[in-house]
Amino acid sequence: MKKHSFFLSHLKEGLIDKNPTLIQLLGMCPTLAVTTKMSNAIGMGLAATAVLVFSNLFISLLRKFIPRQVRIAAYIVIISGFVTAVQLLLQAYLPSLYASLGIFIPLIVVNCIILARAEAFASKNPPLPSLWDGVTMGLGFTLALLLVAFFREILGGATFFGLSLGFTPIGFFAAAPGAFLTLGCVIAAVNYFRARPKKNKKGERDDA
Amino acid sequence: MLDIFVLMLTAVLVENFIFYRFMGCCPFLGVSERPDTAIGMGAAVTFVMTLSSAVTYVVYTYILVPFELTYLKTIAFILVIAALVQLIEMFLRRFVPALYGALGIFLPLITTNCAVLGAALQNVDYGYDFVHSVVFGFSAALGFTLAIVIFAGVRQRMFFAKPPRAFRGFPLTLVAAALVAMAFSGFSGFSLGNSAEGFFHF
């Protein structure tokens, strides 16, 4: 029962309360770069999730063997190994996604979310919770990418998952300034809803 | 000579690393609160990126290609960059303490700056030779410095702004970045001759 509640509460933490992108503000580069299309957002999010799951698992398994002084270098080697594997798999099986994400697949290595989870969670916790932490944080990242891509694809491309919506797209939202503006507004909206006092549930939901 | 100049101008202005390629956004948004720290970060990135472009080119051309290990380039490059940053830090601390005092705190952050790894990977993807790689690394970093210093100036003004509560802090920073990006998108129409071809595939 206790285990069960840990897994559920951790899922909520990764997706909402401690969302790596929208709340912890990590991993900004891919969030700005690949969110022109929702399909790209899902591809990027799941690729990063896969790397995060495996790197968390292996860093957690090796946490007693990695000396503290060289831990960052060791983490980077582990992470870049999995990134290379994901890169080769995408190149072989999803070449169109590989082409549209381009250089941002190898750049998953320097995505701060992955290193942050390795340092903050996987290096201190047993393998199974670390694996679950990778899943939840990765899904939180995917959710944030999808949220930004939702607005940018509809406004900037006039499409929804590639289906044409039949109006003239606003090019601004597909370009760089639109990326910064959309992400800023999404984070502001998240802040707004978090700051709002909770009405419907009393007592127990009052968070500190 | 002309193509080197075109490459520089393209990397600094037209295809700025922050506003066109979205690389190096974390330090751009994180270390741009004050102009002096922005200049320090820019200088440190310029230093490391120029050197790492040279070293990764040598590693790729003379080690990875002859042994047919090019698929390991991501791992090799990140290790080279991490080692290089460590060496630069030790060298500066020992021999140029004044420069170390100015740049020291920024150096550890650079290992995970995706602009450095990104420049190294793009040099290989575009098939640049040694000179072009170094020039590309240097001018891309120059573009990064330009962007972060301009943006630090803009953020100084934001201390006096009074935005809605939800926009306070990071969201307002992003909106300000959108405005600076709009200024930079004025350059986006320029196509600078033949050697810029292949640049726009991204």
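Within 10 Å of each Cβ in A:68-76, how many Cβ atoms from other chains are there, averaged over the peptide?
Across the residues of A:68-76, the mean count of other-chain Cβ atoms within 10 Å is 2.
For the protein assembly as shown, what is the convex hull volume of its Cα atoms per residue in Å³?
Looking at the protein assembly as shown, the number lands at 176 Å³ per residue.
Mind putting a number on the dipole of the protein assembly as shown about its Cα centre? Charges go on the C-beta only, +1 for Lys and Arg and -1 for Asp and Glu, and I need it in Debye to the nearest 20.
1860 debye
For the range A:97-172, which trypsin sites (Lys or Arg not before Pro) are in a loop by DSSP, counting at most 14 other Cβ atoms within 10 Å?
Those satisfying the criteria are A:LYS124.
Between A:THR159 and A:LYS64, what is the label-point separation in nm under the 7 Å Cα-to-beta-carbon projection?
With each label point 7 Å from Cα toward Cβ, the separation is 5.2 nm.
What is the diffusion coefficient of the range B:12-196 in µm²/s, taking the Kirkwood radius over Cα pairs and the Stokes-Einstein relation at 25 °C with a viscosity of 0.890 mPa s?
The Stokes-Einstein estimate is 141 µm²/s.
Loop-only check: which chymotrypsin sites (Phe, Trp or Tyr not before Pro) in the range A:19-93 are DSSP coil with at most 15 other Cβ within 10 angstrom?
Passing sites in the range A:19-93 are A:PHE65.
Out of the range B:141-185, which chymotrypsin sites (Phe, Trp or Tyr not before Pro) are coil in DSSP terms and have no more than 16 other C-beta atoms within 10 Å?
Passing both the DSSP loop test and the Cβ count: B:PHE159, B:PHE160.
Compare the Cα positions of B:ALA166, A:LEU181, B:PRO108 along the charge dipole of the protein assembly as shown (+1 at Cβ of Lys, Arg; -1 at Cβ of Asp, Glu; about the Cα centre) and return the one farthest towards the positive end.
B:ALA166
Anyone know which of B:LEU51, B:LEU179, B:LEU29 comes out most mobile in the 10 Å Cα GNM of chain B?
So, out of B:LEU51, B:LEU179, B:LEU29, the one fluctuating most is B:LEU179.
So if I place +1 on the C-beta of Lys and Arg and -1 on the C-beta of Asp and Glu, and nothing else carries charge, what would the dipole magnitude of the range B:12-196 be about its Cα centre? I want it in debye, nearest 20.
It comes to approximately 760 debye.
Inside 10 Å of the C-beta atoms of B:16-25, what's the mean count of C-beta atoms belonging to other chains?
5
HN-Hα J couplings of the range B:146-153 from phi, Karplus 6.51/-1.76/1.60, θ = phi - 60°, integer Hz, Gly and Pro as x?
Listing the rounded values in order: 4, 4, 6, 6, 4, 5, 4, x Hz.
Counting Lys and Arg as +1 and Asp and Glu as -1, what is the net charge of the other residues whose Cβ lies under 15 Å from the Cβ of A:LEU145?
Within the 15 Å Cβ shell, the charges total +1.
Give the long-range amide H neighbours of A:ALA158: residues separated by 5 or more places, or on another chain, with amide H under 5 Å away, using H modelled in the peptide plane at 1.01 Å from N.
A:ILE170
If each DSSP helix of 4+ residues adds -39,500 (n - 2.57) and the sum is divided by the residues in chain A, what number results at 222 nm, nearest 500 deg cm²/dmol?
-20500 deg cm²/dmol
Can you work out ³J(HN,Hα) from phi for every residue in the range A:30-45, in order, using Karplus 6.51 cos²θ - 1.76 cosθ + 1.60 and θ = phi - 60°, giving whole Hz and x for Gly and Pro?
x, 4, 7, 7, 9, 8, 6, 10, 5, 5, 5, 4, 5, x, 5, x
What ³J(HN,Hα) values, in whole Hz, does the Karplus curve 6.51 cos²θ - 1.76 cosθ + 1.60 give for the range B:77-91 when θ = phi - 60°, with x put for Gly and Pro?
Per residue, the Karplus-derived 3J(HN,Hα) values read 5, 5, 5, 4, 5, 4, 5, 4, 4, 4, 5, 4, 4, 5, 4 Hz.
Report the Stokes-Einstein translational diffusion coefficient (µm² s⁻¹, integer) for the range A:2-198, Rh taken as the Kirkwood radius over Cα pairs, at 10 °C with viscosity 1.306 mPa s.
Result for D is 91 µm²/s.
All of the numbers you see were taken from the coordinates with simple rules; none came from a lab. Note that the structure is predicted; figures quoted are calculated from it, not measured. Every residue, glycine as well, gets a Cβ built from its backbone with ideal geometry; the counts of neighbours run over all protein chains shown.
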